[in-house]
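Bear in mind these aren't lab numbers, they're just calculated from the coordinates by the rules spelled out. Quantities reported herein were computed from a predicted structural model and do not represent experimental measurements. Cβ placement follows ideal geometry from the backbone for every residue including glycine, while neighbour counts extend to all protein chains displayed.
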Amino acid sequence: MRRPNPFEYRQYLSIILLFFTAMAQAGDTDTDKSDLERGRYLVMATGCNDCHTAGYGVLEGQVPQDQWLKGDVQGWWGPWGTTYGSNLRLFVVGLSEDQWVSAAKTMKRRPPMPWFNLNQMNEDDLRVMYRFIRSLGDPGEPAPAYLPPDQEPPPPYARFVMPPPEPGSE
């Protein structure tokens, strides 16, 4: 019986390693795809696009995904001033996944951002949202900056007018 030479052993070992590497990567791809699908679902279900994607509401959600979460010029003017749906792609590009989770769990923002809801999300959901947002690609440009309450914003904007105080509650 012929004895394999060392070169043949290396070839066999290389083929075996290549096979297991390919299998591991295929498994990661399935997990990555599942994570991205879940992240996409959470971004949609929690209403992130409503303020952070230009035209999302008026177009009844029919905005191409490559335009999602790039911020909006639609202002939200109220007693707090004028806020804009920020560019979430730019926000997360500078953060690690752990930093995103920490920020999402502790952030406080001006209205109409429902930061109190984001603070309550579980860590796994926040992580897949981060991965989805990062997967969207080119971050684009920043949204307009905050304006103080006494400064009227340029259109378009929605105005939040507070109801007058109830008689006798002053």
Failed item in (1) free of Cβ contacts under 8 Å to residues at least 24 places away in the same chain; (2) under 18 Å from the mean Cα position of the chain (by Cα), with residue 86 passing the rest
(1)
Picking from 76, 80, 115, which residue would you name as being without any contact (Cβ under 8 Å) to a residue 12 or more places away in the chain and surrounded by 12 or more Cβ atoms within 10 Å (Cβ to Cβ)?
115
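Given the criterion crowded, with 16+ Cβ neighbours inside 10 Å, touching a helix residue (DSSP H, G or I) at 6+ places or on another chain (Cβ under 7 Å) and among the aliphatic types (A, V, I, L, M), identify the matching residue among 147, 126. Even if it seems obvious, please write down each step before you answer.
Values: 147 fails: touching a helix residue (DSSP H, G or I) at 6+ places or on another chain (Cβ under 7 Å).
The conditions single out 126.
Would you pick out the residues in segment 90-112 that are touching a residue at least 40 places away in the same chain (Cβ under 8 Å) and over 15 Å from residue 130 (Cα atoms)?
Filtering segment 90-112 for residues touching a residue at least 40 places away in the same chain (Cβ under 8 Å) gives 90, 92-93, 111-112.
Hits for segment 90-112 are 111, 112.
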Checking residue 66 against (1) in contact with a strand residue (DSSP E or B) (Cβ under 8 Å, 6 or more places away or on another chain); (2) part of a helix (DSSP H, G or I); (3) under 14 Å from residue 49 (Cα atoms), the condition it does not meet
(1)
When the residues of segment 91-118 are narrowed to those that are farther than 20 Å from residue 35 by Cα and polar (S, T, N, Q), which ends up nearest to the chain's Cα centre (by Cα)?
117
Residue hits (segment 93-143; closer than 25 Å to residue 64 by Cα, hydrophobic (A, V, I, L, M, F, W, C) and assigned to a helix (DSSP H, G or I)) are 93, 100, 118, 126, 128, 129, 132, 133
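Looking at 159, 89, 110, 131, which one is more than 21 Å from residue 49 (Cβ to Cβ) and among the basic types (Lys, Arg)? Spell out the reasoning first.
Numbers: 89 fails: more than 21 Å from residue 49 (Cβ to Cβ); 110 fails: more than 21 Å from residue 49 (Cβ to Cβ); 131 fails: more than 21 Å from residue 49 (Cβ to Cβ).
Going through 159, 89, 110, 131 in turn, the sole match is 159.
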Please enumerate the residues belonging to segment 43-94 that are closer than 22 Å to residue 153 by Cβ and among the acidic types (Asp, Glu).
50, 72
